[in-house]
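Here the structure is laid out as structure tokens; the discussion comes afterwards.
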Amino acid sequence: MTLTDITPEAIITALETMAEYGEPPQANTSVFDVGSDHYLSFFVEEICDHLVAGGGSTCRFFEGPYGAGKTHLLKLLEERALELGYAVVRTDLSSDLHLEDWKAITRYVLKDMRANISGEPLRSLFNILTTLGRQGAKGAAQLKTTPMPHPGFKNAIFQAIQQSNSNTAKANLLRAFLHGEKVTAADLKKADIFGVKNSLNERNAEAFIKTLIESLNILGLSGFMFLFDENEKSFQPRGGRPNQKQLNAANLMRHLVDGCITGTLPRTIVVFTILPGFLETMTIHYQALGQRLAMVRDMDINGSWRWPVLGLEQVNTAQEAELFLEQSISRLCAIVEKCGASSQGLADAMNQQGTRIIVQNAGSGYKRDLMKGLAVLAIERIRGRER
Amino acid sequence: MIIDYIGILETMATNGVAPAAGCSLFGVGYEKVFERLNKVYLQDRIATRGGSAEKFVVGPFGSGKTHFLRQLMEIAATQKFATSEVSLDKDLDYSNRLSVYKEIVRNLRMPDSSGRGMREILAACAKNVQGMLPDPDAAEAAFQGWLEGITDHDFKQDKFARVAQKAVRYYDQQDQDGFQTACQWLEGAFDNKEIASRLGEQPVKGDELKLFASQAMFSMFQFIRYAGFKGTVVCFDEADIGFQQTSKDKIQKILALLRADIGVINDLTGGAVFFVYALTDEVVHSMMQYMALKQRIDSPPGEGFMDGNDYAALISLSASTDREAELRKIGHRLADLLYDYARIQLAVDKSQAINKIDQIAADIIEEDISSSSRREMTKRTSTLLLNLLNRGSLEAAATVSPFEEDEV
């Protein structure tokens, strides 16, 4: 989305969210972005248009302290991927959803995956499939005959595409199965659903994911993107050694890395945001993952964008705080003008406020606090309520 | 009505606590704060644009946090918001989302309704939609269209939407059994196999329950908005008790949930919910040790809510510069209401009562009760006024010596 597409009302809502929490809502992330354009262009061109379009996959890690812009970057990637026809799921690795629980992750993916189908934003696998079906899903015939890791799940996908009414008992059962709920054979038989069996469990969760990705490819989606946002030191062991849960999580991350490298997860992009210290911990305690992600930690070498592990500062062209501030001010003044207010004198006020915030946050992530401070000034100017 | 007023005075005289109703009558000192919250959040962000928000009201014990929350809910209720007050005491585990969901539902009041809970919510939603058009036939058609459209609307949790749809249908068809079953599920019996089976749904498995409850909670707020109400205000009181768990792991869990909620609220479409927590400074201090949360809710120095920044997450109630003036104002307000409201001739002139009240304020400042001075002022003034009402005297009963006797 660009500044020309967004309404003044949406701008105010986004600015308010930024003033409160330092980040815009998902819908308008790119309007407020500063400095990520070049990296996003690289990501789209090289990773999405070449690597994934050619059948490849990749797993990436972005490292940064609190407030450095990790969630913001994930939202930008999500926005781009949706525009390109990907199915996307962004997961906040909160205490309610742990990475070590692969079945829970799969269920979350099935229910919360998003895609834009002919411009219509959709959420959940069932809704995506029924919409594809209504639009005459190309590839349905090919899907029916292609062998898949989980044939029962594939059959459910195929039958969901055929559903014209999503409110019938049959549709409800298919939805339940597709979303990872346990559905008995008796119920399926009663609803005349055949060939659908083996509901999601711990053992077949990976087969579910593989079948999902391959099926969506056949049905015309460009690829699949998993975005994992770590906000709470989920992977940081307390008191030395990681516990079993953390080791299981690291093991699953290794699975994902291997899945992307070996092609068992085709046309897939997996992105993790991590806090500083994670890689060092993995190198010591879980070498299977640590070695796969090993990189030279040399202050004189800047990471190429092709490296799987990058610091947040390496993907933003406005690496210096002062440059970031300058570009942010320029962006926000344009936004204020878009809302019909004058930006006269605003740049100076923002510069003063921004410099103060950067100094206060020296040595740590400053961006969230900075965006809060600048957004307040922008809203007050728009509303004519400056203090 | 005068009896209610006296009941309120008695409550405040005994405990110095905010009454369950009527806080708007007595609220003093935060008029501008409520004006800002009403304008920026209740009217603009939530009612007009369907957005959601979260605030933390911070102050020591006795600084008026409960009163503040209740006054905010009263303001919201008069503007057709649903409200729910949840006490995060030691019996409610905030880290257990299902328990929190059940408690929010149990305490939820719809506008113009005296009842609480899921049955009231659903009935109010149905009636609100049915009452939108004056022509009965058009209203019925609109209602059926609204009902049909529930499952097409983007709720956070599809299953919640389907069951809510069934529940409203049962209500409309006066199917008591069906309505009862659906309400039980919506009240939180998500994992009950029998109830799920009767509704044609799969029970939610144990490991999914917490996440499901969280999603159901936000879906409920979306549903209330979808039914045409302005939004919902949920106030969490005594969060200092609820958050100060003995286990470090549990505290971490709670802080993580607070952080995660911010993300959900940011991206929630049509949720129209306002979460307000009452916290002590100690709890806020703990929150600020948790970087992921601190980054989101902290404000730069000079940019706090009381400095004029409407968007600052923390609202500090201990920022008053002239405490004695504030205490006098509280006392005067109570006196105004008694003298203006009471339809009986009071034995003492108002100016005398005011003088006594001013003395009370000065005494409290001198005693340096500090953090609970508002509570103490409320208590002593309420006692004074009750004495006046009941005994016709500004003096307390205990000042009359039991040994004074007329000489025979």
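The values are calculated or read from the model by the stated rules, or taken from the named source; none is laboratory data. If you're wondering where the values come from, they're calculated on a predicted model, not measured in any experiment. Please note: Cβ atoms are built from the backbone with ideal geometry, for glycine as well, and neighbour counts cover all protein chains shown. To get the accessible areas, we keep the full protein, side chains included, count just its heavy atoms, and leave off ligands, DNA and RNA. Shrake-Rupley method; radii C 1.70, N 1.55, O 1.52, S 1.80 Å.
Tell me which residues, restricted to the range B:31-44, are away from chain A (no Cβ under 14 Å) and open to solvent by 20 Å² or more (accessible area, probe 1.4 Å).
B:GLU31, B:ASN38
Any residue at all in the range B:217-228 that is over 22 Å from B:ASN128 (Cα atoms) and touching a Lys or Arg at 6+ places or on another chain (Cβ under 6 Å)?
No, the conditions are met nowhere in the range B:217-228.
Can you pull out the residues in the range B:93-108 that are part of a loop (DSSP other than H, G, I, E, B) and surrounded by fewer than 19 Cβ atoms within 10 Å (Cβ to Cβ)?
Listed by number, the residues that qualify are B:ASP93, B:ASN96.
Those residues that are of a type outside the set (Asp, Glu) and free of Cβ contacts under 8 Å to residues at least 24 places away in the same chain, I need them from the range A:179-193; list them, please.
A:LYS182, A:VAL183, A:THR184, A:ALA185, A:ALA186, A:LEU188, A:LYS189, A:LYS190, A:ALA191
Pick from A:THR262, A:THR268: which is among the hydroxyl-bearing types (Ser, Thr, Tyr) and surrounded by 20 or more Cβ atoms within 10 Å (Cβ to Cβ)?
Selected residue: A:THR268, the only one of A:THR262, A:THR268 that is among the hydroxyl-bearing types (Ser, Thr, Tyr) and surrounded by 20 or more Cβ atoms within 10 Å (Cβ to Cβ).
Looking at the range B:73-92, is at least one residue surrounded by 22 or more Cβ atoms within 10 Å (Cβ to Cβ) and over 15 Å from the mean Cα position of the chain (by Cα)?
No, the range B:73-92 contains no residue that is surrounded by 22 or more Cβ atoms within 10 Å (Cβ to Cβ) and over 15 Å from the mean Cα position of the chain (by Cα).
Quick grid of which residues meet (1) at pLDDT below 75; (2) in a helix (DSSP H, G or I); (3) at positive phi:
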site: A:PHE235; (1), (2), (3): yes, no, no
site: A:ALA249; (1), (2), (3): yes, yes, no
site: A:VAL257; (1), (2), (3): no, yes, no
site: A:THR273; (1), (2), (3): no, no, no
site: A:GLU280; (1), (2), (3): no, yes, no
site: A:LEU289; (1), (2), (3): no, yes, no
site: A:ARG297; (1), (2), (3): yes, no, no
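Considering only the range A:338-387, state which residues are surrounded by fewer than 18 Cβ atoms within 10 Å (Cβ to Cβ) and closer than 16 Å to B:ASN309 by Cα.
A:ALA349, A:ARG383, A:GLY384, A:ARG385, A:GLU386, A:ARG387, listed by residue number.
In the range B:227-244, what residues are open to solvent by 50 Å² or more (accessible area, probe 1.4 Å) and touching a residue at least 60 places away in the same chain (Cβ under 8 Å)?
B:LYS230, B:GLU238, B:ILE241
Please list, ordered by residue number, the helices (runs of 4 or more DSSP H) wholly in the range A:308-387 having 2 or more residues that are out of contact with any Phe, Trp or Tyr (no Cβ under 8 Å at 6 or more places or on another chain), away from every other protein chain (no Cβ under 13 Å) and not charged (D, E, K, R). Even if it seems obvious, please write down each step before you answer.
Numbers: elements: A:321-338, A:346-360, A:367-383.
In the range A:308-387, the matching helices (runs of 4 or more DSSP H) lie at A:321-338, A:346-360.
Among the residues of the range A:1-32 satisfying the criterion of being open to solvent by 10 Å² or more (accessible area, probe 1.4 Å) and acidic (Asp, Glu), which is farthest from the other protein chains (Cβ to nearest Cβ)?
Only one residue tops the list, namely A:ASP5.
Could you list, in sequence order, the residues of the range A:138-177 that are open to solvent by 20 Å² or more (accessible area, probe 1.4 Å), among the aliphatic types (A, V, I, L, M) and under 30 Å from B:VAL163 (Cβ atoms)?
Hits for the range A:138-177 are A:ALA169, A:LEU173.
Going by what's in this entry, would B:ASP158 be described as at negative phi, within 14 Å of chain A (Cβ to nearest Cβ) and either of a type in the set (Ser, Thr, Tyr) or out of contact with any Phe, Trp or Tyr (no Cβ under 6 Å at 6 or more places or on another chain) (or both)?
Criteria met by B:ASP158.
Go through the range B:253-264 and count every residue that is more than 8 Å from every other protein chain (Cβ to nearest Cβ) and either at pLDDT below 80 or open to solvent by less than 30 Å² (accessible area, probe 1.4 Å) (or both).
So the answer is 4.
Among (1) open to solvent by 40 Å² or more (accessible area, probe 1.4 Å); (2) within 22 Å of B:ASP158 (Cβ to Cβ), which single condition is A:GLY180 missing?
(1)
Among the residues of the range B:1-21, what is the count of those that are out of contact with any Asp or Glu (no Cβ under 7 Å at 6 or more places or on another chain) and outside any helix (DSSP H, G or I)?
Residues flagged as out of contact with any Asp or Glu (no Cβ under 7 Å at 6 or more places or on another chain) and outside any helix (DSSP H, G or I) within the range B:1-21 amount to 6.
For B:ASP336, state whether it is surrounded by fewer than 16 Cβ atoms within 10 Å (Cβ to Cβ), out of contact with any Lys or Arg (no Cβ under 6 Å at 6 or more places or on another chain), at positive phi and away from chain A (no Cβ under 14 Å).
Numbers: surrounded by fewer than 16 Cβ atoms within 10 Å (Cβ to Cβ): yes; out of contact with any Lys or Arg (no Cβ under 6 Å at 6 or more places or on another chain): yes; at positive phi: no; away from chain A (no Cβ under 14 Å): yes.
So B:ASP336 does not fit the description; no.
Please verify whether the range B:109-117 includes one or more residues that are at negative phi, modelled with pLDDT of 95 or more and within 14 Å of chain A (Cβ to nearest Cβ).
Scanning the range B:109-117 turns up no residue that is at negative phi, modelled with pLDDT of 95 or more and within 14 Å of chain A (Cβ to nearest Cβ).
With the requirement that a residue be aliphatic (A, V, I, L, M) and assigned to a strand (DSSP E or B), what does the range B:45-64 give you?
Residues satisfying the conditions are B:ALA53, B:VAL57, B:VAL58.
Of the conditions (1) touching a residue at least 60 places away in the same chain (Cβ under 8 Å); (2) under 19 Å from A:CYS260 (Cα atoms); (3) assigned to a loop (DSSP other than H, G, I, E, B), A:GLU46 satisfies every one except a single condition; which number is it?
If we test A:GLU46 against (1) touching a residue at least 60 places away in the same chain (Cβ under 8 Å); (2) under 19 Å from A:CYS260 (Cα atoms); (3) assigned to a loop (DSSP other than H, G, I, E, B), just (3) comes out false.
Which one of B:ASP112, B:ASP177, B:ASP172 is open to solvent by 10 Å² or more (accessible area, probe 1.4 Å) and part of a loop (DSSP other than H, G, I, E, B)? First the steps, then the outcome.
Values: B:ASP177 fails: part of a loop (DSSP other than H, G, I, E, B); B:ASP172 fails: part of a loop (DSSP other than H, G, I, E, B).
After applying the criteria, what remains is B:ASP112.
Among the residues of the range B:9-24 satisfying the criterion of being at negative phi and within 16 Å of the chain's Cα centre (by Cα), which is surrounded by the most Cβ atoms within 10 Å (Cβ to Cβ)?
Here the residue is B:ALA18.
Please name all residue pairs, on different chains or six or more residues apart, with Cβ atoms under 7 Å, provided the first residue is in the range B:188-217 and is within 16 Å of B:LYS166 (Cα to Cα) and facing another protein chain (nearest Cβ under 8 Å) and the second residue is open to solvent by less than 10 Å² (accessible area, probe 1.4 Å) and of a type in the set (Lys, Arg).
Pairs that qualify, where the first residue is within 16 Å of B:LYS166 (Cα to Cα) and facing another protein chain (nearest Cβ under 8 Å) and the partner is open to solvent by less than 10 Å² (accessible area, probe 1.4 Å) and of a type in the set (Lys, Arg), are B:GLU201/B:LYS159.
Within the range A:125-175, how many residues are within 28 Å of B:GLN157 (Cβ to Cβ) and either under 29 Å from the mean Cα position of the chain (by Cα) or away from every other protein chain (no Cβ under 12 Å) (or both)?
Total meeting the criteria: 32.
Taking the condition aliphatic (A, V, I, L, M) and either surrounded by fewer than 22 Cβ atoms within 10 Å (Cβ to Cβ) or within 22 Å of B:GLY263 (Cα to Cα) (or both), does B:ALA47 pass? Steps first, answer last, please.
Values: aliphatic (A, V, I, L, M): yes; either surrounded by fewer than 22 Cβ atoms within 10 Å (Cβ to Cβ) or within 22 Å of B:GLY263 (Cα to Cα) (or both): yes.
Yes: the conditions hold for B:ALA47.
A:PRO65 - would you say it is open to solvent by less than 10 Å² (accessible area, probe 1.4 Å) and either at pLDDT 90 or above or within 14 Å of chain B (Cβ to nearest Cβ) (or both)? Lay out the reasoning, then the answer.
Working: open to solvent by less than 10 Å² (accessible area, probe 1.4 Å): no; either at pLDDT 90 or above or within 14 Å of chain B (Cβ to nearest Cβ) (or both): yes.
No: the conditions fail for A:PRO65.
Identify the residue in the range B:280-317 that is over 17 Å from B:LYS250 (Cα atoms) and hydrophobic (A, V, I, L, M, F, W, C) and, among all such residues, is farthest from the other protein chains (Cβ to nearest Cβ).
Residue satisfying both the conditions and the ranking: B:LEU317.
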